[in-house]
Amino acid sequence: KLLKLLPFEQNPISWAGPQPGEAQFLYLFLGDITQKGYEKKRAKLLAPYVPQTQALQKESKPQMPVPSAAPASSSSSSSSSKFHRARSGGARDERYRSDIHTEAVQAALAKHKEQKMALPMPTKRRSTFVQSPADACTPPDTSSASEDEGSLRRQAALSAALHQSLQNAESWINRSVQGSSTSSSASSTLSHGEGKGTSGSLADVFANARIGRKSFSVPPDVTATTSTPSARPAAVDLPPSGIVKGMHKGSNRSSLMDTADGVPVSSRVSTKIQQLLNTLKRPKRPPLKEFFVDDFEEIVEVPQPDPNQPKPEGRQMTPVKGEPLGVVCNWPPALEAALQRWGTTQAKCPCLTALDVTGKPVYTLTYGKLWSRSLKLAYTLLNKLGTKNEPVLKPGDRVALVYPNNDPVMFMVAFYGCLLAEVIPVPIEVPLTRKDAGGQQIGFLLGSCGIALALTTEVCLKGLPKTQNGEIVQFKGWPRLKWVVTDSKYLSKSPKDWQPNISAAGTEPAYIEYKTSKEGSVMGVTVSRVAMLAHCQALSQACNYSEGETIVNVLDFKKDAGLWHGILTNVMNKLHTISVPYSVMKTCPLSWVQRVHAHKAKVALVKCRDLHWAMMAHRDQRDVSLSSLRMLIVTDGANPWSVSSCDAFLSLFQSHGLKPEAICPCATSPEAMTVAIRRPGVPGAPLPGRAILSMNGLSFGVIRVNTEDKNSALTVQDVGHVMPGGMMCIVKPDGPPQLCKTDEIGEICVSSRAGGMMYYGLAGVTKNTFEVIPVNSSGSPVGEVPFVRSGLLGFVGPGSLVFVVGKMDGLLTVSGRRHNADDIVATGLAVESIKTVYRGRIAVFSVSVFYDERIVVVAEQRPDASEEDSFQWMSRVLQAIDSIHQVGVYCLALVPANTLPKTPLGGIHISQTKQHFLEGSLHPCNILMCPHTCVTNLPKPRQKQPGVGPASVMVGNLVAGKRIAQASGRDLGQIEDNDLVKKHQFLTEVLQWRAQATPDHPLFLLLNAKGTTVCTATCLQLHKKAERIASVLCDKGHLNAGDNVVLLYPPGIELITAFYGCLYSGCVPVTVRPPHAQSLPRAPGKAACILTTQTLMRLLKSREAAGAVDVKTWPTIIDTDDLPRKRLAQIYKPPTPEMLAYLDFSVSTTGMLTGVKMSHAAVSGLCRAIKLQCELYSSRQIAICLDPYCGLGFVLWCLCSVYSGHQSILIPPMELESNLFLWLSTVSQYKIRDTFCSYSVMELCTKGLGNQVEMLKARGINLSCVRTCVVVAEERPRVSLTHSFSKLFKDIGLSSRAVSTTFGSRVNVAICLQGTSGPDPTTVYVDLKSLRHDRVRLVERGAPQSLLLSESGKILPGVKVVIVNPETKGPLGDSHLGEIWVNSPHTASGYYTIYDNETLQADHFNTRLSFGDAAQTLWARTGYLGFVRRTELTAASGERHDALYVVGALDETLELRGLRYHPIDIETSVSRTHRSIAECAVFTWTNLLVVVVELCGCEQEALDLVPLVTNVVLEEHYLIVGVVVVVDPGVIPINSRGEKQRMHLRDSFLADQLDPIYVAYNM
């Protein structure tokens, strides 16, 4: 029977969206697969990954097939329970769970269940994070531990939804009866415990699903099928490795079967990349707009509003008034007056009780004590701190109150002492370390308030961090403070005649409450004395306080509701507050409930977390009664999860006497103070309302009843009515304060006497917040009453009930839609977070990347969480958020437990976390970036315009008046130098002539690391030695003219003599870098003989060599150390100059070893061009610090001195490693005018000597003699390196004009070289965006997206270059980027190929342009992209100088999104992002961009780099990174010229040979 596994009919939505893992899943289930066949196929696919085969056989019992009679719908619903392992029983630590929309999340995940996740799991090195017991390369197991619940929950949610829709769906305030589980979070009651008071079978299903685990071995059967859940091994989704599905046809060299150079398919990396590609193949949500054709407008997609988005339809709201503030005859004229009254008339009444660590009452402050101690403090503050004439404090000064959270008594005395002294208290947290999270901002607050004095207790002062000599440390960013201890033994009793000044409350400031903004800055909200009084009156009236009542306060008494009720309103009404500190709550979460029971308290002040914790701990305490409570004030009743906490708490504690009408959520903000509070209800009255809102509507800022999708609903409870004496309106959250429509969400604004008056010292921000006059739709103000912005988002519902749906601080605006950080946290918590997330600690914020906000979720990971659990949780959170909030998460990071910055009460400090994330100091232990799914505003990829032929381009250029881009060096014909050239065609003849004419003229000097000359060679010595080598070659080697001879020598003079020896005997020399014992060479093919030194010969014949290569196949090896003094019969003279002189082998940047053939004519031509360009003659000296094995380095080292007769001082670059000063001191000592080096030498000097310039001066090194310092290179000039070199050594005389670069390529080793005459090298800034289109657009310095390029020296005499379109082979105009083609007498005559496939690159050497004037010339293709620009300078010929700019190698460019990128540009951006990135390389593989970074910091930083790298490449290059690989320093291979070998790197990565620290696959 066929299994109907993918219910397309029932679930069309889930199919359309981008479902992770689709491709694999399809593959697994398409075709007529039976149950047995499925098992077989699955086993086969998993075989390589499942270690215990026996276990597999045992576990895969065939499942019962679905009876064919079963209706289609039932089989589809059962399929979600089909693929789950049964969940192990056992109690779960439920403490940190949020049960808001858990079922919604489960249902959302169930949607994704049909197509299993196929996110490739990141690869991690074992040593990096010791936490993970699971093996690093296990593929992700995505079956959850509790999926059987998932299916039940979905059933339940569906039936609940049906139940719901039978009730009237129109009334969106659903007055749900407490017992029936219909509101979206009502089921939360059942997930905790006994589930009393719930009714109906639905409840039983839930209760069984969660609790009855021990009695039920199988969950109750709620599906209509007979399937029993069988314990199957977890399904592992790796792509079917044998099948190449979905590879596009044109993917050259990279079909999966044989990735980039024959890397086997089973390689872990390529499997993961394939998985990633399959995941990424799904369509993105919005279709991308057309790409711009060729205008340089900003090319970013501007998100267009969705035409179907809901729009507000109601009328404009009118401000809502609260009931009038009653006039009570005995209300005091000021709060201080109330204290005086109770302190003198009711001195024995208890005011405040403090608890010890165990939760037992330890001290009770009476009103009499509070009054007398506050008086003493006030007197001391005003009279005893300074002298009589110069008091330290005057009324109106601000002082900081630094009191720990477990000492409310001292705080209360200090607070009232300040009020009585008329100084303004600013309560702040106790600083714990020098660098507390947000500590610097607190310092800013203290500074802006002008605080110089801090009050504290003796115990607290002792506990503050101290310096070595016992002083309190200077906290970061804090002003200098004097600390005053307020313990009563240090206070002076006030004299009888001294009385505090208690006037009627006015608008002068009473106290300042600190508030942290979204960005992390701390501001002080100033509260006036009259506002403080009015607020206490409003609270007394709203809460109906009466004298002598007892209240229990769990909140922070320094600010917000804890201060307003527990410290201020307390005194107003002579209440008795029991203060439960946070530290007690941690050890005994039930302590506040016990206090209510013990003291028969009437009111309790709590947050949702306290309700949660009490429920968790409730089993310990049976006999508590909450019947005395008339008000349970839930101060964060505005949170999305408060409703479920309240419901669950009520259902649990109703049996303990808690009255349903006692639960009073309220909404508060530092600016507006209490915004609204639910009044204590009358028993039996109908309970207040619920709003079940559509998340989709909310994201567009409108209120819609949720009807369509049960999962994306937000249930909110009201927070009661507006405060007495207040007025409320709702205004648009951004832009001018325009009144909202009745069905629109906006920021709640309040106008009343009881609110903050300003941010202290910040006039500008104050105006926007505290003095808001609402305007109507036409923009004219409504009334004159100023309102205060509360920072809360919400609306006023029917019956003037206030609903809050979020905070302005938690607002994330992504692509024009608004989401609430708290809602996303709630979703994260509802995904089986127990096994992964530590204490429910999740932070959500947004960062701005590429013109939009992106959501980042950071959670702390439990120490015992396994790698699999974490990864699985992460992938499920992504799905849940996508499904419920319809928004993508950009980055999801897990950090080790307890590492996120904390707020004083232990919450997460969001702004600091965000700062750590952005600066790369968060140190995650797991990270998942999803730029592919989130970034939907990239422009559409460019399509190349077909059909424009080269000729039409040419005509277009002519019409536009553009020059054809070509340039040339001086003409050789006019500057014929002496007879030397006419006489001697060959270099061998020149050497013989010099040996006769100037036998003792020294040509070469070789230096060692100490700078002493180890070896010299005069013309005659060189000639003689060459003769002897030639004769040995003829005798011992029996070689014929034209045979190849390998020269294996360290850099030195022996290499030179061996080279000329070969030429004398007619053999063709090939210089090869000598091997290390670790890397023995494969001798280049067709070699007839090897010339080397004795030491190297011993190495070649050693055991290691025999182990590595077959020595028998090697040609004759001759050592040239002791040569017989034998005269050569005759010196070979080649019959024609076109004969081969030598082979030049080199590894290109793409990792290819290529040899080029250099003829005698080319050698002479090249030497002559260099002689002319550098004005070399026999009285000159040049210093060379280069590798002498290939390219221009070899030519300068071995050939030029013989031709021009100048003296070359040879410095082997490896000697610099032991003596960094060697090169520069040589140049200085010999007063060298021209020196040549490589980039690696220059980098060594810049990095190594950068901070030792003074030392260089002391050694007497002076570079003022240097006229040219030339870097020999075959790449784009490294401008930043040459600039910093020039800057650094300017102090020791280096001229800023001296440094220049050469440009050569394989086909022609020297095309440009600066030389001595001619204009200085020019630099230009070009627009990077245009370069990607192969266009050159010059911009000003500092323009955004600009790139600084430098000219690569002057074109050598006799050389012509032209810029050509590499595809059409037609010449280009000078505003285009194209391939550089070269024509010159010294171009190589072809590739030397070992396998005789010359035809492959024959067109590199003799190519014609497809049309145009120069079409008759034969050109060689350099393989480099560049452009020519005519400058304002004059060349030697008198005409304007044409500069050649090299941009990069054509082979290296990355074609992405139809644009051309140069790896170096992306690498430059990446290297800048974090100080720990030592080096970086990029390459592409199957259209994925892979970035490899070398980490030079500690391994904890590895994962910090992933988001930074992704961000910068997106911001600066409009590309999404596919894979980020973090490796150790030195892993990126470089060749002898210091160029990165990106293709080698790519092959090693695909073959899994990099041993990376971390590999992140971006989704």
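Remarks
- Coupling constants for region 367-374 follow from the phi torsions by the Karplus curve (6.51 cos²θ - 1.76 cosθ + 1.60, θ = phi - 60°), and in residue order they are 5, x, 5, 4, 5, 5, 6, 5 Hz; glycine and proline get x.
- Remark on Gly1042: its backbone amide H falls under 5 Å from those of Cys1067, Val1068, a criterion applied only to residues 5 or more positions apart or on other chains, H modelled at 1.01 Å from N.
- Residues with amide H under 5 Å from that of Leu1519, placed H, sequence gap 5 or more: Leu1514
- The mean accessible area for residues of region 835-936, using a 1.4 Å probe and ignoring ligands and nucleic acids, is 26 Å² per residue.
- Gyration tensor (alpha-carbon) shape descriptor, region 1262-1332, a/c threshold 1.5: oblate
- Per-residue ³J(HN,Hα) for region 1319-1327, Karplus 6.51 cos²θ - 1.76 cosθ + 1.60, θ = phi - 60°, Hz, x for Gly and Pro: x, 4, x, 9, 10, 9, 9, 10, 7
- Table column - 3J(HN,Hα) (Hz), region 1021-1035, Karplus curve with 6.51, -1.76, 1.60, x for Gly and Pro: 4, 4, 4, 4, 5, 4, 4, 5, 5, 4, 5, 4, 4, 5, 6
- Residue-normalised accessible area of region 1453-1553, expressed per residue, 1.4 Å probe, Å²: 27
- Average accessible area per residue (Å²) across region 1239-1293 - probe 1.4 Å, nucleic acids and ligands excluded: 44
- Counting only protein heavy atoms and a probe of 1.4 Å, the accessible surface of region 733-786 is 56% carbon and sulfur.
- Carbon and sulfur %, accessible surface of region 1488-1563 computed with the full protein complex present, 1.4 Å: 50
- Among the listed pairs Lys586/Lys767; Lys321/Lys394; Lys124/Lys914, those with a Cα-Cα distance over 31 Å are Lys586/Lys767; Lys321/Lys394.
- Amide H contacts of Leu1263 (H built 1.01 Å from N, under 5 Å, at least 5 apart or other chain): Gly1293, Leu1294
- Region 884-937 and region 770-796 have Cα centres lying 34 Å from one another.
- The distance from the alpha carbon centre of region 513-528 to that of region 1247-1318 is 55 Å, rounded to a whole number.
- Averaging Cα coordinates gives a centre for region 458-473 and one for region 1329-1366; these two points are 63 Å apart.
- Anisotropy class of region 1409-1563 from Cα gyration tensor, a/c 1.5 cut: prolate
- Region 643-683 - percent of accessible surface contributed by carbon and sulfur, probe 1.4 Å: 63
- Of the residues Tyr1392, Tyr890, ranked by 1.4 Å probe accessible area with the largest first, the sequence reads Tyr1392, Tyr890.
- Probe 1.4 Å, all protein chains present, accessible-area order of Thr433, Thr1387, largest first: Thr433, Thr1387
The values are calculated or read from the model by the stated rules, or taken from the named source; none is laboratory data. In this text, all values refer to a predicted model and were calculated from it rather than measured experimentally. Calculation scope for accessible area: heavy atoms of the full protein, side chains included, ligands and nucleic acids excluded. Shrake-Rupley method; radii C 1.70, N 1.55, O 1.52, S 1.80 Å.
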